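Since the structure comes first, as structure tokens, the remarks are kept for the end.
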Amino acid sequence: MIDLNDVKNIYVACGYTDLRKGIDGYASIADGKLKLNPFDNALFIFCNRAKNKIKILHYEAGSFWLYYKRVEKTKINWPISQVGIEITKNQVKGLLRGLKLENHIRSW
């Protein structure tokens with residue numbers, strides 16, 4: 001599991017993302033589509049169209065991490081209505097366990 005203790009912010013890229021990208025592709029989405037700095041100590045979370053895979057981009061101590069999760073029997077409860085939202089550490093823990101993100105979350 002990702003250590004969330006030192007993470008400053010957590011952002012969700014709503015809608016669907018082509019998960020064939022690598023670190024540079026996700027950093028480009030964070031910078032371009034989300035208008036956020038991918039070099040912040042933050043998590044950027046992306047989901048595929050089938051809602052069964054997520055990738056998380058994390059910049060920490062001068063290097064990038066790219067985490068990947070695939071669920072087998074369920075779908076990820078993924079928001080699709082906004083460009084991006086910011087979620088809390090508890091919400092990301094719930095999202096990784098399969099819970100639905102709350103409707104009233106901070107967007108920009």
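The values are calculated or read from the model by the stated rules, or taken from the named source; none is laboratory data. Please read these numbers as outputs of a predicted model, since none were measured by experiment. Note that we place each Cβ from the backbone using ideal geometry, even for glycine, and neighbour counts take in every protein chain shown.
Brief remarks on what is shown
- For the stretch 3-52, filtered to residues that are of a type in the set (Phe, Trp, Tyr) and not in a loop (DSSP other than H, G, I, E, B), the residue that is farthest from LYS75 (Cα to Cα) is TYR26.
- Of the residues in the stretch 78-92, at least one is at pLDDT below 90, surrounded by fewer than 14 Cβ atoms within 10 Å (Cβ to Cβ) and farther than 24 Å from ASP40 by Cβ.
- Applying the criterion of being touching a residue at least 40 places away in the same chain (Cβ under 8 Å), farther than 22 Å from GLY94 by Cα and not aliphatic (A, V, I, L, M) to the residues of the stretch 1-34, the residue that is surrounded by the most Cβ atoms within 10 Å (Cβ to Cβ) is TYR26.
- Matching entry among LEU4, LEU43 (being in contact with a His (Cβ under 8 Å, 6 or more places away or on another chain) and either modelled with pLDDT of 95 or more or not β-branched (Val, Ile, Thr) (or both)): LEU43
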